[in-house]
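Below is one structure, written out as structure tokens; the observations come after it.
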Amino acid sequence: MTNRPAESAAAAEAPEAGAGPRWLTAAEQDTWRAYMHAYTLLEDHLDRQLQRDAGMPHIYYGLLVQLSEAPRRRMRMTELAQHAKITRSRLSHAIARLEKNGWVRREECPSDKRGQLAVLTEDGFAMLSRSAPGHVAAVRAAVFDRLTPEQAAQFGEACRIIASGLQPAGADVPWLR
């Protein structure tokens, strides 16, 4: 819950420092709910587009993109989890599915026998190349065509500020779990 319960609203109008939660104001609650509404709809929209056009969820597409941008189209699994902002367990499951499709393969890490590399295959790169135009069109239509350039810049800046605040040294981030 991000807003104070209705029955305690009067008592929480002017809380003393340390007296309890800092409830969201009505404007903050409206902003938070608008964000959650937009995020949920956007993620669903992109997932459906990629399932329809490429037979994969949005998270798998993001993994293929990360690998396509990596040197020699390969990346240590731990680094890939960090870039994707997911747990190592979730990454392992996703890579297993991508391997089944022939889009990714695993290799031993030459510098660390305990580590593994995820490698984008030629079939995976071809799938990414075929699905990228539709995905970019979906992102553009859903986000950037609806915002002015100034709004897009402000949105990007706000997202970077929020993300940086959630990743301080020693934070419990997904890729370390």
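The values are calculated or read from the model by the stated rules, or taken from the named source; none is laboratory data. Because the structure is predicted, anything quoted here is derived from the model rather than measured. Note that each Cβ is placed from the backbone with ideal geometry, even for glycine, and that neighbours are counted across all protein chains shown. Note: areas computed on protein heavy atoms with side chains; ligands, DNA, RNA excluded. Shrake-Rupley method; radii C 1.70, N 1.55, O 1.52, S 1.80 Å.
Quick notes
- Residue in segment 121-133 that is exposed (fewer than 13 other Cβ atoms within 10 Å of the Cβ) and touching a residue at least 40 places away in the same chain (Cβ under 8 Å) present: yes
- Here the condition is being in contact with an Asp or Glu (Cβ under 7 Å, 6 or more places away or on another chain) and not charged (D, E, K, R); of SER131, SER164, it holds for SER131 alone.
- Qualifying position, being open to solvent by 100 Å² or more (accessible area, probe 1.4 Å) and β-branched (Val, Ile, Thr), among ILE95, ILE162: ILE162
- Just one residue in the set HIS58, HIS45 is at pLDDT 90 or above, touching an Asp or Glu at 6+ places or on another chain (Cβ under 6 Å) and under 20 Å from PRO133 (Cα atoms); that residue is HIS58.
- Condition check for ILE59: touching a residue at least 60 places away in the same chain (Cβ under 8 Å) and surrounded by 12 or more Cβ atoms within 10 Å (Cβ to Cβ): no
- Restricting attention to segment 149-172 and to residues that are more than 21 Å from GLU43 (Cα to Cα) and not in a helix (DSSP H, G or I), the residue that is nearest to the chain's Cα centre (by Cα) turns out to be GLN167.
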